[in-house]
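Below you'll find the structure, written out as structure tokens, and then a few comments.
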Amino acid sequence: MPKQLYVNLPIKDLERSKTFFAKLGFTFNEQFSDETSTSMIVDEGIIFMLLEKERFQSFIPHKEVADNSKACGAINAIQMGSKDEVNAIIEKALNAGGTEYKEAEDHGFMYGRSIEDLDGNCWEFFWMDPSQMPS
């Protein structure tokens, strides 16, 4: 069985987050969802668990949940198939209420853009062609 990656993210409002990410084209596995959390499918093997803050806190009772309005603890980077796909998903995110937090970066062999979702979680969507990397 291939390995899968599950990333758990704190959110404020489950329905608001589901609406946002559905607009980016992501789907949800209702079998692993309830009134405070959902399993968001990005691609085969890439799953994000969106957990309302109290639910997220139950997994880490010895620490506080980070305040994403003040700090970034992780950048969720997702490789796309082309520069056009990067631009398309960023435009969807901006239209859904996300915020682009830095300028696009184009290194020739790699192109990326970055957004914050509605809860301040950081996302980078990028395209890369390693065969074009300078030696």
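Can you pull out the residues in region 5-27 that are farther than 20 Å from GLY81 by Cα and either of a type in the set (D, E, K, R) or surrounded by fewer than 17 Cβ atoms within 10 Å (Cβ to Cβ) (or both)?
TYR6, VAL7, ASN8, LYS12, ASP13, GLU15, ARG16, LYS18, THR19, listed by residue number.
Of the conditions (1) in a strand (DSSP E or B); (2) more than 27 Å from PRO2 (Cβ to Cβ); (3) not charged (D, E, K, R), GLY120 satisfies every one except a single condition; which number is it?
It fails just one condition, (1).
Go through region 60-80 residue by residue and tally those that are closer than 20 Å to GLN4 by Cα and either at pLDDT 95 or above or touching a Gly at 6+ places or on another chain (Cβ under 7 Å) (or both).
Final tally of qualifying residues: 6.
Looking for something under 30 Å from MET133 (Cα atoms) and not basic (Lys, Arg) - is there at least one such residue anywhere in region 54-70?
no
Could you check SER33 against (1) without any contact (Cβ under 8 Å) to a residue 12 or more places away in the chain; (2) surrounded by fewer than 16 Cβ atoms within 10 Å (Cβ to Cβ); (3) over 14 Å from the mean Cα position of the chain (by Cα) and say which number it fails?
Checking SER33 against (1) without any contact (Cβ under 8 Å) to a residue 12 or more places away in the chain; (2) surrounded by fewer than 16 Cβ atoms within 10 Å (Cβ to Cβ); (3) over 14 Å from the mean Cα position of the chain (by Cα), the one that fails is (2).
What number of residues within region 81-113 satisfy the criterion of being part of a strand (DSSP E or B), among the aliphatic types (A, V, I, L, M) and either modelled with pLDDT under 95 or closer than 29 Å to LYS53 by Cα (or both)?
Adding up the residues that qualify gives 0.
When the residues of region 36-80 are filtered to those that are assigned to a loop (DSSP other than H, G, I, E, B) and polar (S, T, N, Q), which remaining residue is surrounded by the fewest Cβ atoms within 10 Å (Cβ to Cβ)?
Ranking the candidates gives SER69 first.
The values are calculated or read from the model by the stated rules, or taken from the named source; none is laboratory data. Nothing here was measured: the structure is a model prediction, and the numbers come from that model. Note: ideal-geometry Cβ built from the backbone for every residue, glycine included; neighbour counts use all protein chains shown.
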